[in-house]
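Coordinate-derived values only; no laboratory data. For clarity, every value in this text was computed on a predicted model and none was experimentally measured. Cβ coordinates were reconstructed from backbone atoms using ideal geometry, including for glycine residues, and neighbour counts include every protein chain displayed.
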Amino acid sequence: MKRVFAFMLTFVVCLSLSACDGGSSASIEPTIWVMSSIQRADDGAVIYCSANEKNHYVGADTRDITCHISGSSIEILNNETSEKWSGTYRLLDSDDTSSIYEATIEDAVCQMVKGVTEYEDGTEARDTLILSCEDYVLNFFAQE
């Protein structure tokens, strides 16, 4: 029951973020996505983050992880160890500012949302990709 609740909560958060209006196209390719954080799905704790986000997640370990999307293929790469996870994705729904996908990476079926994160102070709007799998939620920003 806890897992179902955590997944539903994560999915609702993903949908909420995808609804933010930043005026950006809903396309997820050919962008390279840079990991900002990885959270445990059951409690939302950030366990990994990028070096740029370390000040926000003091207890998290840093990782250099990117997501590459081309055609219907998706590849997540740990740039430090060269470990990679590959799969495919398909579009489920979209509008002018966001898209919802289903991704299969290795044997895991995940939900993926592309939208725009706009900060409360209005200083920055960034393309955001959120990948929600059974145990983890991976948050990415488009490479600048």
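Are there any chymotrypsin sites (Phe, Trp or Tyr not before Pro) in region 54-144 that are in a DSSP loop and have at most 12 other Cβ atoms within 10 Å? List them by number.
Numbers: sites: Tyr57, Trp85, Tyr89, Tyr101, Tyr119, Tyr136, Phe140, Phe141; in loops: Tyr57, Tyr119.
Answer by residue number: Tyr119.
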Phi to ³J(HN,Hα) by Karplus 6.51 cos²θ - 1.76 cosθ + 1.60 over region 132-141, Hz, x for Gly, Pro:
10, 10, 4, 9, 9, 10, 9, 10, 10, 10
Between the DSSP loop rule and a limit of at most 14 other Cβ atoms within 10 Å, which GluC sites (Glu not before Pro) in region 41-102 are left?
Glu80, Glu83
Once amide hydrogens are built 1.01 Å from N within the peptide plane, the residues lying 5 or more places from Val116 or on another chain with amide H under 5 Å from its amide H are Cys20, Thr128
